[in-house]
Amino acid sequence: MSLLERYPNAPGAWLGELPITSRYTAGLAGERFLRAIKDDGKIMGSRCDRCGITYVPARQFCERCLDELDEWLDVGTKGEVYTFTLLFENLDGTAREEPEVVAFIRLGDGGLVHKLDEIHLDDLDIGMLVEAVFKPETERQGSILDIAYFRPTSP
Ligand SMILES: [Zn+2]
């Protein structure tokens, strides 16, 4: 016998708040990566010459050879749409008037998952060139959302 059969009037959802706090740190490389976005409007990668890989977001260690990566480089603010999806509902399940576009944007040998905006859906395509649009400096908080979105651009 299931719980719902035993307690048919039991609440199906619990509304309220849980008194839980948690902290997540971005780590040494993550903090430096996010500070470069916040303070300088730059997207940084870290390079492993031994493996020939430029990690974006920048990392402290190479995932292949485990070398510590001390070569950081500005990879620019332009990337390529590697893949994308359209969101037709909000988080609460209500329908959106316009779909939101979320893409994996290839930068260096890695990339970022982020929103695309200022885009016509008919133009949306794999491989299209996009550029980061940063929030105004006074509104940045050290988050990946300091990049407001990416938009189509030309080389
Ligand atoms: Zn390596």
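Readers should treat all values here as calculations from the given coordinates under stated rules, not as data from a laboratory. What you see is a predicted model, and the numbers here were worked out from it, not measured in a lab. For neighbour counting, all protein chains shown are included, and Cβ atoms are generated from backbone atoms with ideal geometry for every residue, glycine included.
Annotations for the structure displayed:
- Under-5 Å amide H pairs with residue 148, H placed in peptide plane, nonlocal only: 133, 134, 135
- Highest-MSF residue in the chain out of 58, 95, 26 [GNM, Cα springs under 10 Å]: 95
- Under the combined filter of DSSP loop state and at most 14 neighbouring Cβ atoms within 10 Å, the range 1-108 retains these chymotrypsin sites (Phe, Trp or Tyr not before Pro): 14, 24.
- Label-point gap, in nm, between residue 96 and residue 51 - each point 7 angstrom along Cα→Cβ: 3.3
- Label sites at residue 74 and residue 32, each approximated as a point 7 angstrom past Cα along Cα to Cβ, lie 1.7 nm apart.
- Residue-wise HN-Hα couplings along the range 67-84, as the Karplus relation 6.51 cos²θ - 1.76 cosθ + 1.60 with θ = phi - 60° gives them from phi, are 5, 6, 9, 10, 9, 9, 9, 6, 8, x, 10, 10, x, 10, 5, 8, 7, 7 Hz; Gly and Pro carry x.
- Table column - 3J(HN,Hα) (Hz), the range 102-116, Karplus curve with 6.51, -1.76, 1.60, x for Gly and Pro: 10, 9, 9, 9, 7, 9, x, 9, x, x, 10, 8, 7, 7, 10
- Taking every alpha-carbon pair under 8 Å whose residues sit at least 6 apart, the range 17-155 reaches a relative contact order of 21 percent.
- Exposed loop sites, defined as trypsin sites (Lys or Arg not before Pro) outside DSSP H, G, I, E and B with at most 15 other Cβ atoms within 10 Å, are absent from the longest region of the chain, namely 65-155.
- Difference of contour (0.36 nm per residue) and Cα-Cα distance, residue 113 to residue 66: 14.5 nm
- Per-residue ³J(HN,Hα) for the range 24-38, Karplus 6.51 cos²θ - 1.76 cosθ + 1.60, θ = phi - 60°, Hz, x for Gly and Pro: 10, 9, 7, x, 4, 5, x, 5, 5, 4, 5, 5, 5, 5, 5
- With contributions of -39500 (n - 2.57) from each DSSP H run of at least four residues, the per-residue ellipticity at 222 nm computed over the chain stands at -2000 deg cm²/dmol.
- Gain upon complete extension [residue 88, residue 125; 0.36 nm per residue less C-alpha separation]: 11.5 nm
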